[in-house]
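Here the structure is laid out as structure tokens; the discussion comes afterwards.
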Amino acid sequence: MNTKSILFVCLGNICRSPMAEAVFQRIVSENGLTSKFEIDSAGMLAYHKGELADSRMRYFAAKRGYHLTHHSRPFASSDFDNFDMIIGMDDQNIDALKAKAMTMEESNKIYRMVDFCVNLHATHVPDPYYGGDQGFENVIDLLEDACAGLFTHLKV
Ligand code: 4NP
């Protein structure tokens, strides 16, 4: 299996995409394939640059055994060169990424997270930032399902 590089993208890079990074990292690690994957996350906004994930996201992540250590960073055009897949959490992220793509090759690297869901059905991973606790649990539910589907997709 060739090494695969995957970048998860949301708006602030403090809730959904660092969570996706941790969920996918754990699946890869549990399958003994850490050396075969490069996994990172980024946000379309630079507003939270340098910050750890939102404390609520870290709290709900920790309840399921995930330790979020990522520091927010903005998406950069060079990410199109450095990653094989760039996976957005909602259509706003996808549209913003497509607007930054300079070639079809770059555009073809953009994917929608929920398209890898296996058991759950959703049109997007909803932004939990302005909502309540259930929004954070829902994000992790969706990401655990979608990341499992993504891993299966990449293994074959
Ligand atoms: P995320 O959530 O995109 O899942 O990291 C957000 C975090 C912060 C903001 C928006 C969404 N914000 O506008 O500051």
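A short reminder: the numbers here are calculations on the coordinates, not readings from a lab. Here the structure is a predicted model, which means the values were calculated and not measured. Cβ: placed from backbone, ideal geometry, glycine included. Neighbour counts: every protein chain shown.
Ranked by the mean number of other Cβ atoms within 10 Å per residue, highest first, peptides 55-61, 44-50, 100-106, 146-152 order as 146-152, 55-61, 44-50, 100-106.
Could you tally the net charge around Met102, taking each other residue with its Cβ under 13 Å from the Cβ of Met102, Lys/Arg +1 and Asp/Glu -1? Net of charged neighbours comes to -1. Segment Arg26..Glu38, full-extension length gain: 3.1 nm, with 0.36 nm per residue of separation and the alpha-carbon distance subtracted.
Membrane-span-like helices in the chain, defined here as complete DSSP H runs extending at least 15 Å along the helix axis by their C-alpha atoms with mean Kyte-Doolittle hydropathy no lower than 0.0, are 133-155; this is a sequence and geometry rule, not a statement about a membrane. Extents of the chain, taken as max minus min of Cα coordinates on every principal axis and listed largest first, are 39, 35, 30 Å. Measuring max minus min along each principal axis, the C-alpha atoms of the stretch 39-107 give extents of 41, 23, 22 Å (largest first).
The helix-based estimate of mean residue ellipticity at 222 nm for the chain, built from -39,500 (n - 2.57) per DSSP H run of four or more residues and divided by its residue count, is -12500 deg cm²/dmol to the nearest 500.
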